[in-house]
Structures are given as structure tokens and as C-alpha cells.
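Visitor: Dumping the structure here so I can ask a few things about it.
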Amino acid sequence: MRPVVKNGIATFSPQGFLDGNNTNSFLGIEDVEATIHLNVDMILVSLKKVVFFNKNGLDTFIKLFIQIRKKNHATVGFCDYDNKKYAAIRKFYQDDINFSLFKTLEIAYLFSSSFKNQSKNVLIYSSDRSQRSAIAIELHDNGHNPIVVQSQEEYDEKKEKKETFDYAIDSTFLGQMGQKIATRVTGNAIIYTISMFLDIEISDKFNIEYHSNSLNVGFRLFIFDAYKVISMNVHALNFFSKLASSAAEYNATICFVGMKFDKTPESFRNTLEDSGILFYAQMDDILGNKELLKELGASSAANVKNRRVINKETVLELPKFINAAAVTIEMMTNSKAVKESASVQNLVIENRDAKVASSIGYYGDMDGMVILIFPIGIAKKACELLIGENTDDMELILDSLAELVNIVGGKIKTLLLDEGINVNITLPRTYHDVKSLLEVIENRKGVQVDLSFNGDKFLFFLTR
Amino acid sequence: MITKNEIDSFIEKIPPAPNALKETMRLLSAGELIRAAKIAEGDLALKSYLKHIVNKPIYGFKNEVSDISQIFGILGVSLSQQSVHNYMVTLLSPKKWTLFKLNSKLFYELQANLSKKWEIILNNLGIDDKNIYASISLLPASILVTEALFAQKKDDINLLRTTKALDYNTVLFRLCGVTLFDICEMIAKKWEMDDSISQIVQAASGVKHSSDENINNLGKWMHLLLFYELSKPQFIEAGLNDFVDFQVEYVGDIYDDFALLMGIQ
């Protein structure tokens, strides 16, 4: 069984009965290997479709969790359970819970790094005081507004006032968390929260895929919230220096806020400053200063000086990219794609109204970004298979469009691998209109292909 | 990915039930076990199948049973009819399984397990109706239909399922407006099975509930039984655990009785 990956969370969904005899069958050796190497924030097992489980049944997954934690720093645990199942798991493992429990997958998303689900008002209750605090801290680090209540009665009472919060969290337990660096988006800046001792593990904890994706899609200001950092060693110093060099390629700025140097050599500060990293005492020094924000590049998403051009390697593999997009849309719409024209040019979009777009980056042996631009009608049709109904809910359509472009990315990865070209794909991004897309890719040259599905036109654009 | 035309073409290619089978069924229906056995003896594939199934450990016979009249005699009318129905469904089996890691032996084992446990359930519910006994035989047809329709689309489906956990039934319904169980119903019609058989199997899908309370109740038991079997290691490894969605809420009210009956602790 392979997990489904969405918004940085990989989820297994076993069905039926979980006991000691069968759980090994859910996870073959290849499945375990593939899961360990996933670059995700969390790996969870959904108990939504499980009618019966015992401790032996869960133990197999817990062994997987231990293996995962040895190799990468993803949060691991179970989700989608009712109160009865929650009580059973707590009883099985009592004080020996090294994994997390999220009542629903939606709640788990709040704890993962993603462009979505930012700044939500979250009502929290746990009978365990330290859990209440831990949940609140994690949510705060991820850019949410936690509202902690002290008693079950108060929670029940506040839960009635649905307009005062976006999510309510109870029956949730955080095991070992905070291994991945919390990320949040504020306007056009991305804020990473780092803490404690920064050493060689920073390169595992930092989601480089997310960072590359953010650079690719136009973010230019990255702030490290370092108030809680105690010290850093030379490995972390090297990591940040390299990060600064790669950011320079995109003309991006990296800042540290609240970093103290009483336990870190002052010379490190100089090295970091030499590599282009800026230091500020307070977060408000940056976010509250519009002039400075503009200067740092956070006011414009398209502040790219070092634009790269489409190279021969990309052109040679172009049919595979087009094929991946066309075949996926054909699959989702049960219709046939016809290529109408293809040329190397700046992106030209006729009739910009009522169009949505999505993009996905790839990096590795080759790098670049695929952009798909749909009239809303085709986007809706292409997403019908994923949504299950015809809907006008734009948030749902864009969410599904991200899944669709993720499938396209997966197909590109497979097709290129057949040729021995190894690439990874970034997280997908969607754009609710053409204007927001153009802000990111304005004046970049690329290959534009006009495709037609049953007479409906959609655009494929490949750029670097 | 899958079009309505492909489904129509699949249904069209299903051969009608052979005459010998029809005659065996007719005689079994009339309670004429010996005459039915004589006809069945003439169909070597049916004879071999029945021997294979009945001698599985789950049937619990100490000595090998090889004579068809003996088999029908031991099973009685309802279970004999159910076994012949099971055989009819195997006629849809592919020569080589591609989508699921199955083979005929494993598929027969699933049929035998479902049939035997369905008998236990019906005994417990105090039901003695030959069509209700036979209904379990149509359930595994949903697996055969999935294999037939999706075998060539394995890569597409795998790609789709890396992003969204959609079961085959949902994918088929969203693409073509019919479910795997609708196709099972079409097969049942083609083979002139009793309507009640397909109604129970439709209810057992867990997504198309029946307005008839009794059929719905049987559908719940069958739905839970299916997932009880599909939670066995060999069927999980075959890739059957998530081919259709398990509807936990649907079976909530009968779960405790089921667990007691199957000795689940």
C-alpha cells in the first residue's frame, strides 16, 4: 500500500480490520522504503475506514514510524478517529506515545507547512495542560491564532459559537513534533521558525523542496524567526551560507530575526552577513516597515534579475512534458487532446478573463516549471473526477487543480526517469486569475503550446 | 480513461450462461438434486470447480468428496445453487490477472470463504431463501469487472491514486455514471439470475442503499463480510483491500453482532 501525498502530508488509508496478522501485508518492503524517502512534513495512518484494530495491528505501523524517524524528521501518527478509537489508542500506549494523534486529517494540515491553511483561528482543548501548550505553540509557529480553553465546559460552550473560530481541536495529542521547520507565509514573505541548537540536522529538518518551490514561484523574502535559537555550529553556518548563495541566484533576500550571539561565535554573524544574510532584532522591524519590505523584494513577486532561458536539454524532452500534461487531462476528462501550435515566446494569453492556472516546478538533472492555464469551464471538467460533482466553489476547484498538476508532475517524473533523467517535483501552486500568474512569470521566455480538448482551448507553458 | 462504450463492449462480450448450467440450475431450483448432478457431471469444468471448492478446508470434510451427486447431497439445494452460481462468476475470470495479484486458486478461496461465512450469517439471521444464499456469489464479480475494465489503465490509476485516495467504484462512477455493482447487475440480468440477488449486492456496495429494509440489512452484513475477508493478508497483498470504499458508518449498527458471530475479540 502506498500513501496519498497532499499538502506535505502522506496518508495511508487501510480499510476494515487491523490486527497483528494482517498489518504487515499493508506495508511491503518497497512501500516502507518509498515512504521513508518521501519528502513530507508528516506521515499518518488514517483510521477513518477501520472498523476494528488491536494493539498488535497498530504496532506494525508504529515500527514503520520508528524507521521513518530514524531516516527523516517527519511527524508520524494516526488521524481520522472517533473518541472511542482515541481512548483505545491512549489506553494501549499510555505514557509511551512517541507518535502524534490528530482527530482529523484537516486538523493535521494545520500543523504542516503549506501555502494554504495559514492564519486560522483555532480553538484548543486538551485535558493535559502540557499538551494544550504544545498544540498552541506549534500552531503559533505555523502562523495560526490559537485560542486555548482551560476546561471541557468552556470548550463545549465556545464550540457552540462557530463564527469565532475556523477549527476546533480536541482528542489530539502531539508526540515528537517540531522536527521539520515550521513555515508560514505573510504577504509575499516566507517565515521559517527555527529553535534550540542548530547543527548538521538542519539540512534534514529544513524543507528544501518547499523553499525551492517558493523561489520558483516568485517569493523573494525569506525570514528566519530565530528568537528561540540558543546556538548554531559550523555545519549550520555552512548550510545557511549555501542557502544564501542559492537565494542570490534568484535575487532573493534572507533575513534572521531575533538571533542572539551570546552562545554563538560573533564571527559567524560576519560570515553570514558576508554571504548576504541580513540581521534584524525584531520581526516588526521588517514587517512593519513598508519601505524596507519593498527594498527587500517582498512587495513584488516578479523581481527576478537572473532569468534563465530554455536550454537544449529542455527542448529535447519537450514532447514528454506536453505528453504528460495532455495525457493527464485526457485521462481526467475522457476527451482527446489536439495540439494546435507550439513556439518559444513570452507567455501570451488571449482573453484573460475567467481563466485559472496552476504550476509545478521540477529540479534535479533538469529544472524548470510547467504552467497550465485553463478556462474555468475546462478546469471544472478536469477536476470533476477528483471532486465528484460539478461545483462553482473556486477554492475547491483550485485545490483540485493543484492535485491535477501534481499528477502531471508525477507523470513527467516517470516519463523522464524512463530516459534515465532523475527529477523531483515541487509542491504545486494555483493562481485564481491570469494577473497573479503573470506577476510571477512576467517576461520569462518559454515554450508555449496551445492544446484543444473537444474544441476547448487550454495553454501549456514550460519555462525556467 | 474508461468510456461508456468500453463498458457496453465488455457486457456484450459476456457469453450467455451455457445450456448445461441453465439446466443444472433449473433442476436444482426444482429440488431435483440427482438429476441436476447428472447434468453437471457432463460439464467437466463445473465438475472440477465444485470438487475444488467443496474440498477446501473451510468446508471441513475429512475425506475428499469427488462425486457430484455426493457434493449436491451434502450441500443441499441452496448451497448447491450458490456453488453453481459461484462457478458462473468464475467464467468471467481473466487468463492472467494484471491489476490485482490474484490467481484462480486465491479467487476460489475468496469465493469459498465468502460463501461459507454467508451461510453462517444467514443461519444466524434465521434466513432460508435460496436466492439470498446465492446472492453472495455475485459479489466477487465486482472484482472481476474491475480487473477487466482497469487492467490496461493500471499506471493511470496508480498515478491518480498518489494524489487522491479514490476507489475504482468512485472513479468508474465519476467517469461513466455507472458503478461496478451496476455492471454486476447487468451481468446477473444477462445470466437470468433472480432480481433479488442483484438488489442485495447493490445494497452491499455500501453506496446504493435499498428502500427495502430487509435487503438493506442483508447488504450491510454482506458489506462487512466483504471487508472482513478483504482484511486477510493474502487479499491485502493481492491489492483488494481498497478496490471499493468501506463504509464504516453504514455497518455501525450490525458490527457488534457480526464481531460476536465471527469471534472477533
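One line per residue, one yes/no per condition, for (1) modelled with pLDDT of 85 or more; (2) outside any helix (DSSP H, G or I); (3) in contact with a strand residue (DSSP E or B) (Cβ under 6 Å, 6 or more places away or on another chain); (4) among the acidic types (Asp, Glu):
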{"position": "A:Ala325", "(1), (2), (3), (4)": "yes, no, yes, no"}
{"position": "A:Leu372", "(1), (2), (3), (4)": "yes, yes, yes, no"}
{"position": "A:Ile397", "(1), (2), (3), (4)": "yes, no, no, no"}
{"position": "A:Leu416", "(1), (2), (3), (4)": "yes, no, yes, no"}
{"position": "A:Asn424", "(1), (2), (3), (4)": "no, yes, yes, no"}
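Visitor: Still on this structure, please answer the following. Tell me, which residue of region A:321-348 that is more than 14 Å from chain B (Cβ to nearest Cβ) and surrounded by 17 or more Cβ atoms within 10 Å (Cβ to Cβ) is nearest to A:Ile373 (Cα to Cα)?
Guide: Taking region A:321-348 and keeping what is more than 14 Å from chain B (Cβ to nearest Cβ), we get A:321-322, A:338-348.
Filter once more, keeping what is surrounded by 17 or more Cβ atoms within 10 Å (Cβ to Cβ): A:321-322, A:347.
On the way: A:Phe321: 15, A:Ile322: 13, A:Leu347: 10 Å.
In this case the residue turns out to be A:Leu347.
Visitor: Moving on. Anything in region A:7-24 that is part of a strand (DSSP E or B) and at the interface with another protein chain (Cβ under 7 Å from one of its Cβ atoms)? List them, or say none. Even if it seems obvious, please write down each step before you answer.
Guide: Applying the first criterion (part of a strand (DSSP E or B)) to region A:7-24 yields A:9-12, A:16-18.
Hits for region A:7-24 are A:Gly16, A:Phe17.
Visitor: Next up: In this structure, is B:Ile127 within 25 Å of B:Leu260 (Cβ to Cβ) and not in a helix (DSSP H, G or I)?
Guide: On the way: within 25 Å of B:Leu260 (Cβ to Cβ): yes; not in a helix (DSSP H, G or I): yes.
It is true that B:Ile127 is within 25 Å of B:Leu260 (Cβ to Cβ) and not in a helix (DSSP H, G or I).
Visitor: Say whether the condition of being open to solvent by less than 20 Å² (accessible area, probe 1.4 Å), part of a loop (DSSP other than H, G, I, E, B) and either without any contact (Cβ under 8 Å) to a residue 24 or more places away in the chain or of a type in the set (Gly, Ala, Ser) (or both) is met by at least one residue in region A:55-78.
Guide: Scanning region A:55-78, I find at least one residue that is open to solvent by less than 20 Å² (accessible area, probe 1.4 Å), part of a loop (DSSP other than H, G, I, E, B) and either without any contact (Cβ under 8 Å) to a residue 24 or more places away in the chain or of a type in the set (Gly, Ala, Ser) (or both), so the answer is yes.
Visitor: Considering only region A:378-403, state which residues are within 10 Å of another protein chain (Cβ to nearest Cβ) and either small (Gly, Ala, Ser) or touching a Ser or Thr at 6+ places or on another chain (Cβ under 7 Å) (or both). Before the answer, list the steps.
Guide: Of all residues in region A:378-403, those within 10 Å of another protein chain (Cβ to nearest Cβ) come to A:384-389, A:400, A:402-403.
Listed by number, the residues that qualify are A:Leu386, A:Ile387, A:Gly388, A:Ser400, A:Ala402, A:Glu403.
Visitor: Can you run down the residue pairs with Cβ atoms below 6 Å, 6 or more apart or on separate chains, where the first is in region A:422-440 and aliphatic (A, V, I, L, M) and the partner is in a strand (DSSP E or B)?
Guide: If the second residue must be in a strand (DSSP E or B), the pairs left are A:Val423/A:Tyr362; A:Val423/A:Gly364; A:Ile425/A:Ile360; A:Ile425/A:Tyr362; A:Val434/A:Lys355; A:Leu437/A:Ala357; A:Leu437/A:Tyr431.
Visitor: Further question on the same structure: Any residue at all in region B:90-100 that's of a type in the set (Phe, Trp, Tyr), outside any helix (DSSP H, G or I) and open to solvent by 50 Å² or more (accessible area, probe 1.4 Å)?
Guide: Filtering region B:90-100 for residues of a type in the set (Phe, Trp, Tyr) gives B:97, B:100.
Among the residues that remain, those that are also outside any helix (DSSP H, G or I) are: B:97, B:100.
When the remaining residues are screened for being open to solvent by 50 Å² or more (accessible area, probe 1.4 Å), the result is none.
Scanning region B:90-100, I find no residue that is of a type in the set (Phe, Trp, Tyr), outside any helix (DSSP H, G or I) and open to solvent by 50 Å² or more (accessible area, probe 1.4 Å), so the answer is no.
Visitor: For B:Asp182, are the conditions met, namely being within 17 Å of the chain's Cα centre (by Cα), within 9 Å of chain A (Cβ to nearest Cβ) and open to solvent by 10 Å² or more (accessible area, probe 1.4 Å)?
Guide: For B:Asp182, the condition - within 17 Å of the chain's Cα centre (by Cα), within 9 Å of chain A (Cβ to nearest Cβ) and open to solvent by 10 Å² or more (accessible area, probe 1.4 Å) - is not met.
Visitor: May I pose another question? On the given criteria, is A:Asn270 among the polar types (S, T, N, Q), part of a helix (DSSP H, G or I), at pLDDT 85 or above and under 30 Å from B:Asp155 (Cβ atoms)? Give the derivation first.
Guide: On the way: among the polar types (S, T, N, Q): yes; part of a helix (DSSP H, G or I): yes; at pLDDT 85 or above: yes; under 30 Å from B:Asp155 (Cβ atoms): no.
Judged against the criteria, A:Asn270 is not a match.
Visitor: To continue, here is another question. For region B:127-178, name all the residues that are within 17 Å of B:Leu225 (Cα to Cα) and of a type outside the set (Phe, Trp, Tyr). Talk me through it step by step, then tell me what you get.
Guide: Residues of region B:127-178 within 17 Å of B:Leu225 (Cα to Cα): B:127, B:132-143.
Once the filter is applied, which keeps residues that are within 17 Å of B:Leu225 (Cα to Cα) and of a type outside the set (Phe, Trp, Tyr), region B:127-178 yields B:Ile127, B:Ile132, B:Ala134, B:Ser135, B:Ile136, B:Ser137, B:Leu138, B:Leu139, B:Pro140, B:Ala141, B:Ser142, B:Ile143.
Visitor: Just checking, how many residues over region A:158-196 are under 30 Å from A:Gln94 (Cβ atoms), open to solvent by 10 Å² or more (accessible area, probe 1.4 Å) and either outside any loop (DSSP other than H, G, I, E, B) or of a type in the set (Gly, Ala, Ser) (or both)?
Guide: The qualifying residues number 11.
Visitor: Looking only at region A:228-246, how many residues end up being in a strand (DSSP E or B) and either at pLDDT below 90 or more than 24 Å from A:His140 (Cβ to Cβ) (or both)?
Guide: Applying the first criterion (in a strand (DSSP E or B)) to region A:228-246 yields A:228-232.
With either at pLDDT below 90 or more than 24 Å from A:His140 (Cβ to Cβ) (or both) added as a condition, the list becomes A:228.
Residues meeting the conditions: 1.
Visitor: While we're on this one: I'm told B:Ile74 meets every condition in (1) crowded, with 19+ Cβ neighbours inside 10 Å; (2) at pLDDT below 90; (3) not basic (Lys, Arg) except one. Can you identify the failing condition by its number?
Guide: Only one criterion is unmet by B:Ile74, namely (1).
Visitor: Further question: Contact list please: Cβ distance under 6 Å, first residue in region B:16-28 and in a helix (DSSP H, G or I), second residue open to solvent by 90 Å² or more (accessible area, probe 1.4 Å), pairs at least six apart or on different chains.
Guide: B:Leu27/B:Arg35
Visitor: Shifting gears a bit: Can you confirm whether region B:106-116 contains a residue that is of a type outside the set (D, E, K, R), crowded, with 19+ Cβ neighbours inside 10 Å and without any contact (Cβ under 8 Å) to a residue 24 or more places away in the chain? Explain how you work it out, then say what you get.
Guide: Just the residues of region B:106-116 that are of a type outside the set (D, E, K, R), to begin with: B:106-108, B:110-115.
Cutting the leftovers down to crowded, with 19+ Cβ neighbours inside 10 Å gives us B:107-108, B:110-112, B:114-115.
Those still in the list that are without any contact (Cβ under 8 Å) to a residue 24 or more places away in the chain too: none.
No, region B:106-116 contains no residue that is of a type outside the set (D, E, K, R), crowded, with 19+ Cβ neighbours inside 10 Å and without any contact (Cβ under 8 Å) to a residue 24 or more places away in the chain.
Visitor: While we're here: Need pairs with beta-carbon distance below 9 Å; first residue under 14 Å from A:Asp284 (Cα atoms) and at pLDDT 90 or above and within region A:247-264, second open to solvent by less than 50 Å² (accessible area, probe 1.4 Å) and in a loop (DSSP other than H, G, I, E, B); sequence gap 6+ or separate chains.
Guide: That search, which allows pairs on different chains as well, returns A:Cys255/A:Ile277; A:Phe256/A:Ile277.
Visitor: Just for region B:248-258: of the residues that are more than 7 Å from every other protein chain (Cβ to nearest Cβ) and surrounded by fewer than 19 Cβ atoms within 10 Å (Cβ to Cβ), which one is nearest to B:Gly206 (Cα to Cα)?
Guide: By that ranking, first place goes to B:Glu249.
Visitor: Something else about it: Would you be able to tell me the number of residues in region B:208-240 that are surrounded by fewer than 24 Cβ atoms within 10 Å (Cβ to Cβ), within 10 Å of another protein chain (Cβ to nearest Cβ) and not hydrophobic (A, V, I, L, M, F, W, C)?
Guide: Selection size over region B:208-240: 7.
Visitor: Open to solvent by 40 Å² or more (accessible area, probe 1.4 Å) and modelled with pLDDT under 90 - does that describe any residue in region A:215-226?
Guide: Going through region A:215-226, the residues open to solvent by 40 Å² or more (accessible area, probe 1.4 Å) turn out to be none.
Scanning region A:215-226, I find no residue that is open to solvent by 40 Å² or more (accessible area, probe 1.4 Å) and modelled with pLDDT under 90, so the answer is no.
Visitor: May I pose another question? Suppose we filter A:Glu163, A:Glu154, A:Glu138 for residues that are among the acidic types (Asp, Glu) and free of Cβ contacts under 8 Å to residues at least 24 places away in the same chain; which single one remains?
Guide: Values: A:Glu154 fails: free of Cβ contacts under 8 Å to residues at least 24 places away in the same chain; A:Glu138 fails: free of Cβ contacts under 8 Å to residues at least 24 places away in the same chain.
The conditions single out A:Glu163.
Visitor: Specify the residue that is modelled with the lowest pLDDT; the eligible residues are those in region A:426-464 that are of a type in the set (Gly, Ala, Ser) and outside any loop (DSSP other than H, G, I, E, B).
Guide: Filtering region A:426-464 for residues of a type in the set (Gly, Ala, Ser) gives A:436, A:446, A:452, A:455.
Then keep just the ones that are outside any loop (DSSP other than H, G, I, E, B); that gives A:436, A:446, A:452.
Working: A:Ser436: 81, A:Gly446: 88, A:Ser452: 87.
Out of the qualifying residues, it is A:Ser436.
Visitor: Being more than 19 Å from A:Met394 (Cβ to Cβ) and open to solvent by less than 40 Å² (accessible area, probe 1.4 Å) is the filter here, so list the residues in region A:349-366 that pass it.
Guide: Going residue by residue through region A:349-366, those that are more than 19 Å from A:Met394 (Cβ to Cβ) are A:350, A:360-366.
If the condition is that a residue be more than 19 Å from A:Met394 (Cβ to Cβ) and open to solvent by less than 40 Å² (accessible area, probe 1.4 Å), then A:Ile360, A:Gly361, A:Tyr362, A:Met366 are the ones that fit.
Visitor: Which of the residues belonging to region A:1-54 are of a type in the set (Asp, Glu) and surrounded by 23 or more Cβ atoms within 10 Å (Cβ to Cβ)? So that I can check it myself, show each step before the final result.
Guide: At the first step, the residues of region A:1-54 found to be of a type in the set (Asp, Glu) are A:19, A:30-31, A:33, A:41.
Matches in region A:1-54: A:Asp41 only.
Visitor: Being assigned to a helix (DSSP H, G or I) and without any contact (Cβ under 8 Å) to a residue 12 or more places away in the chain is the filter here; which residues of region B:49-69 pass it? Full working, then the answer.
Guide: Taking region B:49-69 as the starting set, the residues that turn out to be assigned to a helix (DSSP H, G or I) are B:49-54, B:57-59, B:68-69.
The one that is assigned to a helix (DSSP H, G or I) and without any contact (Cβ under 8 Å) to a residue 12 or more places away in the chain: B:Pro57.
Visitor: Quick one: count up the residues across region A:25-50 that are small (Gly, Ala, Ser), within 10 Å of another protein chain (Cβ to nearest Cβ) and more than 19 Å from B:Gly252 (Cα to Cα). So that I can check it myself, show each step before the final result.
Guide: At the first step, the residues of region A:25-50 found to be small (Gly, Ala, Ser) are A:25, A:28, A:34, A:46.
Right, trim to within 10 Å of another protein chain (Cβ to nearest Cβ) and you get A:25, A:28, A:46.
Adding the requirement that they be more than 19 Å from B:Gly252 (Cα to Cα) leaves A:25, A:28.
Counting residues in region A:25-50 that are small (Gly, Ala, Ser), within 10 Å of another protein chain (Cβ to nearest Cβ) and more than 19 Å from B:Gly252 (Cα to Cα) gives 2.
Visitor: For the structure I just gave you, tell me whether A:Gly143 is in contact (Cβ under 8 Å) with a residue 24 or more places away in the chain, buried (at least 17 other Cβ atoms within 10 Å of the Cβ) and either in the same structural domain as A:Glu33 (by TED's automatic domain parsing) or assigned to a loop (DSSP other than H, G, I, E, B) (or both). First the steps, then the outcome.
Guide: Numbers: in contact (Cβ under 8 Å) with a residue 24 or more places away in the chain: yes; buried (at least 17 other Cβ atoms within 10 Å of the Cβ): yes; either in the same structural domain as A:Glu33 (by TED's automatic domain parsing) or assigned to a loop (DSSP other than H, G, I, E, B) (or both): yes.
It is true that A:Gly143 is in contact (Cβ under 8 Å) with a residue 24 or more places away in the chain, buried (at least 17 other Cβ atoms within 10 Å of the Cβ) and either in the same structural domain as A:Glu33 (by TED's automatic domain parsing) or assigned to a loop (DSSP other than H, G, I, E, B) (or both).
The values are calculated or read from the model by the stated rules, or taken from the named source; none is laboratory data. Source: prediction; values computed, not measured. All Cβ positions, glycine included, derive from the backbone under ideal geometry; neighbour counts span all protein chains shown. Just so you know, the surface numbers come from the protein's heavy atoms only, side chains and all, with ligands and any DNA or RNA stripped out. Shrake-Rupley method; radii C 1.70, N 1.55, O 1.52, S 1.80 Å.
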